[in-house]
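Asker: Before we start, here is the structure in question, set down as structure tokens.
The values are calculated or read from the model by the stated rules, or taken from the named source; none is laboratory data. Just so it is clear, the model here is predicted, and its values are computed rather than measured. When we count neighbours, we look across all protein chains shown, and the Cβ atoms used for this are built from the backbone with ideal geometry, even at glycine. Just the protein is used for accessible areas: all its heavy atoms, side chains included, with ligands, DNA and RNA removed. Shrake-Rupley method; radii C 1.70, N 1.55, O 1.52, S 1.80 Å.
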Amino acid sequence: MQTQIKIEECEKPYCVIHTSVETDSIKEIAQKISMMDESGKSTAVSGWDGDYCIQIKQKELLRVYSMDKKVFVECESEEQPLLLKMRLYEFEELAERCGWTDFIRISNTDIVNLSKVHKFDMSLTGIVKVIYGDDKVAIVSRRYMNKIKSQIMMAKNK
């Protein structure tokens, strides 16, 4: 495929694809480009609401969780969780590859966006609750407490 970079005055970089026929591979390339920021890193994931595919920007993601052998994503722009067609570990790998450092696993079934967490509720029973979004709650498993504490300390020092 031939490529060309053209330097001109514009507010934000944009991409134009010239083709004689719109094929599935061209659509896929266009979708991948549209999901990137200026550094070339992906800024969105695809969530599914029935037959509708909804692009969710990384900054809108609140929580990714598994339930009934399916993975869902909660985001600010949608009332209902959307189906994410990947496994939790695949989302973790994607977040790492894309440089999304705010995502942290809090249990075997939950990953939260640390930048959307309002507070950690340290109750007397030893259960730690993560309060995020519009007062939504997720429970931290003891297995992940040390990892969360170290991530919070790193974020605090930035």
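For every residue, the table says whether it meets (1) at pLDDT below 90; (2) of a type in the set (S, T, N, Q).
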{"position": "Thr19", "(1), (2)": "no, yes"}
{"position": "Ile29", "(1), (2)": "yes, no"}
{"position": "Met36", "(1), (2)": "yes, no"}
{"position": "Ser39", "(1), (2)": "yes, yes"}
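Asker: Ok, one more. Need the failing condition index for Lys85 against (1) over 25 Å from Cys53 (Cβ atoms); (2) exposed (fewer than 14 other Cβ atoms within 10 Å of the Cβ); (3) basic (Lys, Arg), just the number.
Answerer: (1)
Asker: Additional query: Mind counting the residues in the stretch 79-113 that are assigned to a loop (DSSP other than H, G, I, E, B) and closer than 14 Å to Lys59 by Cβ?
Answerer: Step one: of the stretch 79-113, the residues assigned to a loop (DSSP other than H, G, I, E, B) are 79-81, 85-87, 99-102, 106-109.
Applying the additional criterion that residues be closer than 14 Å to Lys59 by Cβ yields 99-102.
Within the stretch 79-113, residues that are assigned to a loop (DSSP other than H, G, I, E, B) and closer than 14 Å to Lys59 by Cβ number 4.
Asker: Right, something else. Which ones in the stretch 136-158 are outside any helix (DSSP H, G or I), open to solvent by 60 Å² or more (accessible area, probe 1.4 Å) and at pLDDT 85 or above?
Answerer: Those that are outside any helix (DSSP H, G or I), open to solvent by 60 Å² or more (accessible area, probe 1.4 Å) and at pLDDT 85 or above: Lys136, Val137, Ile139.
Asker: Output the number of the condition that Glu76 fails; it satisfies all remaining conditions of (1) more than 22 Å from Ser150 (Cα to Cα); (2) touching a residue at least 40 places away in the same chain (Cβ under 8 Å); (3) crowded, with 17+ Cβ neighbours inside 10 Å.
Answerer: All conditions are met except number (3).
Asker: I'm trying to understand the selection: among the residues of the stretch 114-129, which are open to solvent by less than 70 Å² (accessible area, probe 1.4 Å) and part of a strand (DSSP E or B)?
Answerer: Result: Val117, Phe120, Asp121, Val128.
Asker: Which members of the stretch 119-151 meet the condition of being touching a residue at least 40 places away in the same chain (Cβ under 8 Å) and more than 11 Å from Ser107 (Cα to Cα)?
Answerer: Answer for the stretch 119-151, where residues must be touching a residue at least 40 places away in the same chain (Cβ under 8 Å) and more than 11 Å from Ser107 (Cα to Cα): Tyr132, Gly133, Lys136, Gln151.
Asker: Just the residues that are touching a strand residue (DSSP E or B) at 6+ places or on another chain (Cβ under 7 Å) and more than 23 Å from Met36 (Cβ to Cβ), please, taken from the stretch 50-79.
Answerer: If the condition is that a residue be touching a strand residue (DSSP E or B) at 6+ places or on another chain (Cβ under 7 Å) and more than 23 Å from Met36 (Cβ to Cβ), then Arg63, Tyr65, Lys70, Phe72, Glu74 are the ones that fit.
Asker: Another question about this same structure. Which numbered condition trips up Glu96, out of (1) in contact with an Asp or Glu (Cβ under 8 Å, 6 or more places away or on another chain); (2) closer than 26 Å to Ala138 by Cβ?
Answerer: (1)
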